[in-house]
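Notes to accompany the following structure.
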Amino acid sequence: MPEALAFESAPSVVQTQRLQQRLHANKRAYTRRSLLLILPLLVLLVAGFMTPIGSLLTKSVENPEVANALPNTLKLLNSWDGTTLPAESVFNTLGQELRTARAQGQLFALNRRLGYESASLRSLPTAILSRLPADGSPVRDTLINDVPALGDIKTWATLKQLGKPYTSLYWLAAFDLKMDAGQVRAVAPDKALYVDVLKRSLTIAALVTVLCVLLGYPLAYWLSRQPARRANLLLILVLLPFWTSLIVRTASWIVLLQSGGLINNSLIDLGILDKPLQLVFNRAGVLISMTHILLPFLILPLYAVMKGIDSRYERAAISLGAHPYTAFRRVYLPQTYAGVTAGALLVFIMAIGYYITPALLGGPGDQMLSYFVAYYTNTTINWGMATALGGQLLIIVLLLYWVYARISRPANRAA
Amino acid sequence: MTSNSASTFVRFKGVEKSYDGLKTVVKRLDLDVFRGEFLTLLGPSGSGKTTSLMMLAGFETPTQGQIFLDGIAIENVPAHRRGIGMVFQNYALFPHMNVTENMAFPLQVRGMGRHEIETRVKKALEMVRLGDLAKRFSAQLSGGQQQRIALARALIFEPKLVLMDEPLGALDKQLREQMQLEIRRLHRDLGLTVVFVTHDQAEALTLSDRIAIFNDGVIQQIDTPQALYERPANAFVATFMGDTNVLPGVLTSLNTHQCQVRLDLGEQMFARTTPGLTSGNRTSLSIRSERVILDGDERYDSRLPGSIEECIYLGDHVRIRLNVSGSNDFNVKVPIAQMQPHWREGHRLPVCWHSADASALDAMPA
């Protein structure tokens, strides 16, 4: 029999190879076609999404203002020993470059960037320019006399530091930290802001998510048990808010919740309340309206998952001796986890970036991260700070997504 | 009656069920299931068999009547306290639990200790010969394996009564036959009482001690497989079970055993009487297709001329469709050894049977 076996196996190796080659060729062709089909989307994603986000994120570490305005001064400072005040040539170059910067309109950006370090630095270029002697005359002594800051070695060290092309300033500031003499330290308590804002954003998003799950789960469960026609009609009602603009919905909550609004008046007329409840321009208003707006995002994925769960599972559990409550808890509930996590994650991610609703319905203590992103982009034009805060949001979302992927993997295996 | 009621395990007494108050799905059901018996509820879909099963399991409430389990009325016992094992059509293995967890579930909800659960699960898995699949999830099992696990799960808490709702419907033919033998073995070895729902008559014949044939919410006949097959009580049972030829006619005379039928084209035929017939009524003369002989000799006392319409070759036999007495849907099964080469389409020949094999039944609805 060994001959027969050898005879059988010899051609099969060649055949297997040939078969695998053909299989690979097929697969490659299939992959090529698939790539071609998703190419338009890919181009759109790269051009319209990845590139802007990437370039914005680099803005959070870029530090071009000083380097652009004072390139030669920085070059000279590179060879400076840092123990004594710089030489005449450095003072001279600084003065000339500041003049050029004023002529080219770079002075505003330079002043602003210096101002992020300290308020006194902000006025330094202007002070230098106003005291600058005429061309040819020695600059160093005049400036040290008239602009006391230039007599301080620290000022020059800071200037040299600011000339680097990248900075951790914005990212540190986004976590209420600062660089102080080469060490990362917490900022003064009265200046700390963003960690609190971050905590607040996370708290509000978490509360909204919990409220959405508590309200949405029973509703989705009930919907999934309705006959198809009624379920479709009710789903339209769930989706109805989507057809109204976000601002209109938010504004109508003001109408409903304000102290002279529908809810307060009704409660007072019914004798339940003596004086109106403060329901708007505080945390309550933010939570109520965000929960309302985000609820469909929880219900839809949950409904889809629940719709796919055969009612026979619960019956089987009951027939095996489980109380209907136990059957629900041990057999039905675990099968909806995937839907709950998907919905909750969606709600949380959307909630943590909310801007309009807290801005309109919240008080000053209810503003979330996005409010400050908007503030830095629209009001102070501080792209570094805006993008560092935006990056913070992005990291939180990516982190959550990673957690979700880790959690949902065992569920996928079981399904 | 006393000996009978002692062995009665489940009793349906005047049970009715309607979902919408308009249509009655189960009509005045009286049914006794004996201890240790394998009873099959057989019928077309929508005939009320599954609804009856669900009422027994406790998932549906009768609109009228009572169900007794072991002599006790159970309408106030919730489903989870009835202690009835149940096997579902799509197995209903919990997808988020592996095989062991599935099997342990009925024991856990009964508050059994961990060690005893472990031993019992192991034993039950050996019973269905699937010990090596203990850690698999249901998505990783074949249909047959899933069904065996579902079966073992329904039996692990040692119920005395097991209900099966078309448990083999989703399996292919070979696997189905294998599972039928397995279910038979378990029924016999464990001394279970089984109520089995199916619409597959071959399955019912293979498994059952008795079969109850349902149609339109009413039991048409309940008897042993052989009695049902050989002596159908009415035309529905005759046509539902096996291959039956039905020739319409009028009953001209009858006594307790034999009757005479005049077919619509005038031929006079003899047939066995079934209860409830009266002379002069319309009737259907029914004869199993395997009881008919083509071109038979004088020993066959019933003979009619026929002409072949179609021959279908089926390997072990040929199914010949003929035109007989005005009906062109008269089928005969001819074993391959008795097939004649000149029996082709258009050939005319006598169609013969023993009149004792034919029965006069109620008229078929038009």
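Bear in mind that the values in this text are calculations on the coordinates, not laboratory data. Because the structure is a prediction, the values reported are computed rather than measured. Note that we place each Cβ from the backbone using ideal geometry, even for glycine, and neighbour counts take in every protein chain shown.
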Sorted by Cβ neighbour density within 10 Å, fewest at the top, the residues A:TRP402, A:TRP222: A:TRP402, A:TRP222
Histogram of C-alpha separations across segment A:228-304, 10 Å bin width, %: 17, 37, 29, 15, 1
Length released on extending from B:ARG129 to B:ARG185, taking residue separation times 0.36 nm less the Cα-Cα span: 18.9 nm
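Within chain A, which whole H helices from DSSP have a Cα span along their axis of at least 30 Å and a mean Kyte-Doolittle hydropathy of -0.5 or more, if any? Walk me through the numbers on the way to the answer.
On the way: long enough: A:2-45 (61 Å, 0.15); A:194-224 (42 Å, 1.36); A:283-307 (34 Å, 1.48); A:383-414 (46 Å, 0.82).
Once both thresholds are applied, what remains is A:2-45, A:194-224, A:283-307, A:383-414.
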Dimensionless Rg ratio for chain B, taking C-alpha atoms and the 2.2 N^0.38 Å reference: 1.18
Candidates A:HIS292, A:HIS323, A:HIS24, ranked by Gaussian network fluctuation over chain A, Cα under 10 Å, top entry: A:HIS24
Surface/4 of the Cα convex hull for the protein assembly as shown, nm²: 61.6 nm²
Of A:LYS307/B:LYS23; B:LYS27/B:LYS173; B:LYS23/B:LYS333, those spanning more than 31 Å from alpha-carbon to alpha-carbon: B:LYS27/B:LYS173; B:LYS23/B:LYS333
Fluctuation leader among A:GLY182, A:GLY343, A:GLY285 - chain A, Gaussian network, Cα springs under 10 angstrom: A:GLY182
Estimated dipole of the protein assembly as shown in Debye, rounded to 20 [Cβ of Lys and Arg +1, of Asp and Glu -1, Cα centre]: 1520 debye
Segment B:13-25 - phi-based ³J(HN,Hα) in whole Hz, Karplus 6.51/-1.76/1.60, Gly and Pro as x: 10, x, 7, 10, 9, 9, 8, 10, x, 10, 9, 8, 7
Leading residue at positive end of dipole, segment A:276-415 (Cβ point charges), from A:VAL331, A:GLN367, A:LEU277: A:VAL331
Leading residue at positive end of dipole, the protein assembly as shown (Cβ point charges), from A:VAL43, A:TYR354, A:VAL90: A:VAL90
Fully extended contour minus Cα-Cα distance, from B:LEU22 to B:MET339, at 0.36 nm per residue: 108.8 nm
Cα centre as origin, Lys/Arg/Asp/Glu Cβ charges: segment A:194-414 dipole, Debye: 840 debye
Cα gyration tensor, segment A:330-410 - rounded (a/c under 1.5), prolate or oblate: oblate
Segment B:1-132 - Rg and Dmax from Cα coordinates, angstrom: 17.8, 52
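Tell me the net charge near A:VAL373. Cut-off is 15 Å between Cβ atoms, A:VAL373 excluded, with +1 for each Lys or Arg and -1 for each Asp or Glu.
So the environment of A:VAL373 carries a net charge of +2.
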Listed residues B:MET241, B:MET86, B:MET54, most fluctuating in chain B (Gaussian network, C-alpha, under 10 Å): B:MET54
Nearby lysines by direct alpha-carbon distance to A:LYS199 (threshold 20 angstrom, same-chain neighbours under 8 apart not counted): A:LYS178, A:LYS191
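Let me check I've understood the local charge: for A:GLY362, count other residues with C-beta under 12 angstrom from its C-beta, Lys and Arg +1, Asp and Glu -1. What total comes out?
+1
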Extended-chain gain in nm, criterion 0.36 nm per residue less alpha-carbon gap, A:THR100 and A:ALA47: 15.4 nm
Cα gyration tensor, segment A:194-414 - rounded (a/c under 1.5), prolate or oblate: oblate
Between helix B:173-190 and chain B: long-axis angle, C-alpha atoms, 0 to 90°, nearest 10: 60 degrees
Positive dipole terminus of the protein assembly as shown, leading residue within B:THR252, B:PRO167, B:THR24 (C-beta point charges): B:PRO167
Net charge of neighbours whose Cβ lies under 11 Å from the Cβ of A:GLU88, counting Lys and Arg as +1 and Asp and Glu as -1: 0
Residues whose placed amide H lies under 5 Å from that of B:GLN64, excluding near-sequence neighbours: B:GLU16
Two-site label geometry, A:LYS27 and A:TRP222: point separation in nm, points 7 Å out along Cα→Cβ: 5.1 nm
J(HN,Hα) series, segment B:221-227, from Karplus relation 6.51 cos²θ - 1.76 cosθ + 1.60, nearest Hz, glycine and proline x: 6, 9, 6, 5, x, 5, 5
Computed P(r) (all Cα pairs; chain A; 20 Å bins; percent): 18, 35, 28, 15, 4, 0
Cα gyration tensor shape of segment A:64-167, rounded if a/c is under 1.5, else prolate or oblate by comparing a/b with b/c: rounded
Segment B:44-51 - phi-based ³J(HN,Hα) in whole Hz, Karplus 6.51/-1.76/1.60, Gly and Pro as x: x, 5, x, 8, x, 5, 5, 4
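If you place +1 on the Cβ of every Lys and Arg, -1 on the Cβ of every Asp and Glu, and leave all else neutral, what size is the dipole of segment A:36-125 about its Cα centre, to the nearest 20 Debye?
Here segment A:36-125 has a charge dipole of around 260 debye.
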Among beta bridges that DSSP assigns inside the protein assembly as shown, antiparallel share in %, nearest 5: 80 percent
Rounded tilt (10° steps) of B:114-127 against the dominant C-alpha axis of chain B: 20 degrees
Angle between chain B longest axis and helix B:99-108 axis [Cα atoms, degrees, rounded to 10]: 70 degrees
Global size of segment B:235-362 as Cα Rg and Dmax, reported in angstrom: 14.5, 44
Inter-label distance for A:ASP180 and A:GLN15, nm, one decimal - labels placed 7 Å from Cα along Cα-to-Cβ: 7.9 nm
